[in-house]
Amino acid sequence: VPNLQGPRYISPAPSGGFVVSEECRDVKVFTSSRKLLFSLSSKHGHRFGNPAGVCVDVDGSILVTDEQRRTVHLFPEYGAPICLVSAGLRRPTGVACSSFGHLFVADAGENCVKVFKYSARPP
(Lines give C-alpha, C1' and ligand atoms only; values in the text may rest on other atoms or scores of the structure.)
Protein backbone atom coordinates (compact mmCIF):
# COMPACT_ATOMS: atom_id res chain seq x y z
CA VAL A 1 0.00 0.00 0.00
CA PRO A 2 1.85 3.12 -1.17
CA ASN A 3 1.46 6.82 -0.31
CA LEU A 4 1.03 6.52 3.45
CA GLN A 5 2.37 9.37 5.60
CA GLY A 6 4.42 7.76 8.36
CA PRO A 7 2.49 4.51 8.90
CA ARG A 8 2.68 3.40 12.54
CA TYR A 9 0.22 0.76 13.67
CA ILE A 10 -1.95 -1.66 11.74
CA SER A 11 -4.86 -3.95 12.58
CA PRO A 12 -6.92 -6.38 10.54
CA ALA A 13 -10.61 -5.61 10.14
CA PRO A 14 -13.39 -8.23 10.20
CA SER A 15 -14.26 -7.54 6.55
CA GLY A 16 -10.83 -8.75 5.44
CA GLY A 17 -9.51 -5.22 5.17
CA PHE A 18 -7.25 -3.38 7.56
CA VAL A 19 -6.77 -0.13 9.49
CA VAL A 20 -3.53 1.93 9.56
CA SER A 21 -2.58 4.90 11.75
CA GLU A 22 -0.33 7.58 10.29
CA GLU A 23 2.01 9.59 12.51
CA CYS A 24 0.61 13.04 13.39
CA ARG A 25 -2.08 12.67 10.74
CA ASP A 26 -4.98 10.30 10.42
CA VAL A 27 -6.26 6.73 10.52
CA LYS A 28 -7.11 5.10 7.20
CA VAL A 29 -9.36 2.12 6.51
CA PHE A 30 -8.63 -0.13 3.53
CA THR A 31 -10.59 -2.90 1.83
CA SER A 32 -9.32 -6.45 1.41
CA SER A 33 -8.14 -5.43 -2.09
CA ARG A 34 -5.97 -2.67 -0.51
CA LYS A 35 -8.13 0.21 -1.75
CA LEU A 36 -8.70 3.19 0.55
CA LEU A 37 -12.24 3.01 1.89
CA PHE A 38 -12.12 6.19 4.03
CA SER A 39 -10.13 8.04 6.67
CA LEU A 40 -11.59 8.47 10.15
CA SER A 41 -11.03 12.24 10.14
CA SER A 42 -12.93 12.70 6.88
CA LYS A 43 -15.74 10.27 7.79
CA HIS A 44 -16.24 11.50 11.35
CA GLY A 45 -14.81 15.02 11.29
CA HIS A 46 -12.43 14.00 14.07
CA ARG A 47 -9.07 15.73 14.56
CA PHE A 48 -6.24 13.59 15.84
CA GLY A 49 -3.19 14.85 17.71
CA ASN A 50 -0.93 11.86 17.09
CA PRO A 51 -2.86 8.65 16.41
CA ALA A 52 -1.02 5.52 17.44
CA GLY A 53 -2.43 2.11 18.29
CA VAL A 54 -5.46 0.80 16.41
CA CYS A 55 -7.67 -2.25 16.75
CA VAL A 56 -11.12 -3.38 15.67
CA ASP A 57 -13.60 -4.85 18.16
CA VAL A 58 -16.16 -7.63 17.67
CA ASP A 59 -18.79 -5.08 16.56
CA GLY A 60 -16.52 -3.70 13.83
CA SER A 61 -15.83 -0.47 15.71
CA ILE A 62 -12.33 0.98 15.36
CA LEU A 63 -10.46 1.94 18.53
CA VAL A 64 -7.59 4.43 18.36
CA THR A 65 -5.13 5.72 20.94
CA ASP A 66 -3.98 9.32 20.57
CA GLU A 67 -0.56 9.92 22.14
CA GLN A 68 -0.76 13.70 22.05
CA ARG A 69 -4.31 14.02 23.41
CA ARG A 70 -3.85 11.07 25.81
CA THR A 71 -7.16 9.49 24.85
CA VAL A 72 -8.73 6.36 23.42
CA HIS A 73 -11.63 6.87 21.01
CA LEU A 74 -14.07 4.34 19.61
CA PHE A 75 -15.30 4.94 16.07
CA PRO A 76 -18.48 2.93 15.48
CA GLU A 77 -19.44 1.86 11.99
CA TYR A 78 -22.42 4.21 12.27
CA GLY A 79 -22.68 7.22 14.53
CA ALA A 80 -20.35 9.65 16.22
CA PRO A 81 -17.01 8.79 17.85
CA ILE A 82 -17.06 7.97 21.56
CA CYS A 83 -14.21 8.90 23.91
CA LEU A 84 -13.65 5.78 26.03
CA VAL A 85 -10.65 7.01 28.03
CA SER A 86 -9.89 10.69 28.62
CA ALA A 87 -7.90 10.58 31.87
CA GLY A 88 -5.19 8.46 33.44
CA LEU A 89 -3.00 7.95 30.38
CA ARG A 90 0.43 9.53 29.96
CA ARG A 91 1.46 8.21 26.54
CA PRO A 92 -0.98 5.66 25.13
CA THR A 93 0.59 3.74 22.29
CA GLY A 94 -0.72 0.24 21.60
CA VAL A 95 -4.30 -0.91 22.00
CA ALA A 96 -6.09 -4.26 21.83
CA CYS A 97 -9.57 -5.42 22.75
CA SER A 98 -11.04 -8.75 23.72
CA SER A 99 -14.35 -10.27 22.73
CA PHE A 100 -15.35 -9.95 26.42
CA GLY A 101 -15.27 -6.14 26.43
CA HIS A 102 -11.78 -5.62 27.82
CA LEU A 103 -9.66 -2.82 26.45
CA PHE A 104 -5.88 -3.14 26.85
CA VAL A 105 -3.83 0.05 26.48
CA ALA A 106 -0.04 0.12 26.44
CA ASP A 107 0.99 3.30 28.27
CA ALA A 108 4.62 4.02 27.33
CA GLY A 109 4.63 7.03 29.67
CA GLU A 110 4.14 4.79 32.70
CA ASN A 111 5.74 1.61 31.30
CA CYS A 112 2.63 -0.48 31.86
CA VAL A 113 -0.50 -1.94 30.32
CA LYS A 114 -3.80 -0.59 31.60
CA VAL A 115 -6.96 -2.68 31.39
CA PHE A 116 -10.42 -1.14 31.04
CA LYS A 117 -13.89 -2.64 30.74
CA TYR A 118 -16.12 -1.16 28.05
CA SER A 119 -19.33 -1.85 26.22
CA ALA A 120 -19.79 -0.45 22.74
CA ARG A 121 -23.48 -1.36 22.66
CA PRO A 122 -26.14 -1.11 25.34
CA PRO A 123 -26.58 -4.28 27.45
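Note on the chain: helix-only mean residue ellipticity at 222 nm, from DSSP H runs of 4+ residues weighted -39500 (n - 2.57) and normalised by residue number, equals -1000 deg cm²/dmol.
Surface composition of the range 21-123: carbon plus sulfur atoms hold 51% of the accessible area, using a 1.4 angstrom probe and ignoring ligands, DNA and RNA.
Multiplying the sequence separation of F100 and C112 by 0.36 nm and subtracting their Cα-Cα distance, what value in nm do you get?
Numbers: separation 12, 0.36 × 12 = 4.32 nm, distance 2.10 nm.
Computed gain between F100 and C112 is 2.2 nm.
Considering only DSSP states other than H, G, I, E and B, which GluC sites (Glu not before Pro) in the range 15-123 qualify as loop sites with at most 12 other Cβ atoms within 10 Å?
On the way: sites: E22, E23, E67, E77, E110; in loops: E23, E67, E77, E110.
Taking the range 15-123 and a limit of 12 other Cβ atoms within 10 Å, the loop GluC sites (Glu not before Pro) found are E77.
In the range 34-123, which chymotrypsin sites (Phe, Trp or Tyr not before Pro) fall in coil by DSSP and have 12 or fewer other Cβ atoms within 10 Å?
On the way: sites: F38, F48, Y78, F100, F104, F116, Y118; in loops: F48, Y78, F100, Y118.
Taking the range 34-123 and a limit of 12 other Cβ atoms within 10 Å, the loop chymotrypsin sites (Phe, Trp or Tyr not before Pro) found are Y78, F100.
Hey, what's the chain come to in accessible area per residue, 1.4 Å probe, Å²?
Values: 6780 Å² over 123 residues.
The answer is 55 Å² per residue.
Using a Gaussian network model on the chain with a 10 Å cutoff between Cα atoms, which of P14, P51, P76 fluctuates the most? Maximum among the listed residues: P14.
Taking the structure as given and computing P(r) over Cα pairs in 5 Å bins from 0, in percent, which label from (1) 2, 8, 13, 15, 13, 12, 12, 11, 8, 4, 2, 0; (2) 2, 10, 17, 21, 16, 12, 9, 6, 4, 2, 1, 0; (3) 2, 12, 24, 25, 21, 11, 4, 1, 0 fits? Of the listed options (1) 2, 8, 13, 15, 13, 12, 12, 11, 8, 4, 2, 0; (2) 2, 10, 17, 21, 16, 12, 9, 6, 4, 2, 1, 0; (3) 2, 12, 24, 25, 21, 11, 4, 1, 0, (3) comes from this structure. With θ taken as phi - 60° and the Karplus curve 6.51 cos²θ - 1.76 cosθ + 1.60 applied, the whole-hertz 3J(HN,Hα) list for the range 29-35 is 10, 10, 7, 5, 8, 6, 9 Hz, x standing for glycine and proline.
Model label sites at S86 and S41, defined 7 Å from Cα along the beta-carbon direction, differ in position by 2.1 nm. GNM, the chain, Cα, under 10 Å: largest mean-square fluctuation among S98, S61, S33? Ranking S98, S61, S33 by mean-square fluctuation puts S33 first.
Using a simple spin-label model with pseudo-atoms 7 Å out from Cα toward Cβ, N3 and R34 lie 1.4 nm apart.
The values are calculated or read from the model by the stated rules, or taken from the named source; none is laboratory data. These numbers come from a predicted model, not from an experiment. All Cβ positions, even for glycine, are placed from backbone atoms using ideal geometry, and neighbour counts span all protein chains on display. Remember, those area values only see protein heavy atoms, side chains included, never the ligands or the DNA or RNA. Shrake-Rupley method; radii C 1.70, N 1.55, O 1.52, S 1.80 Å.
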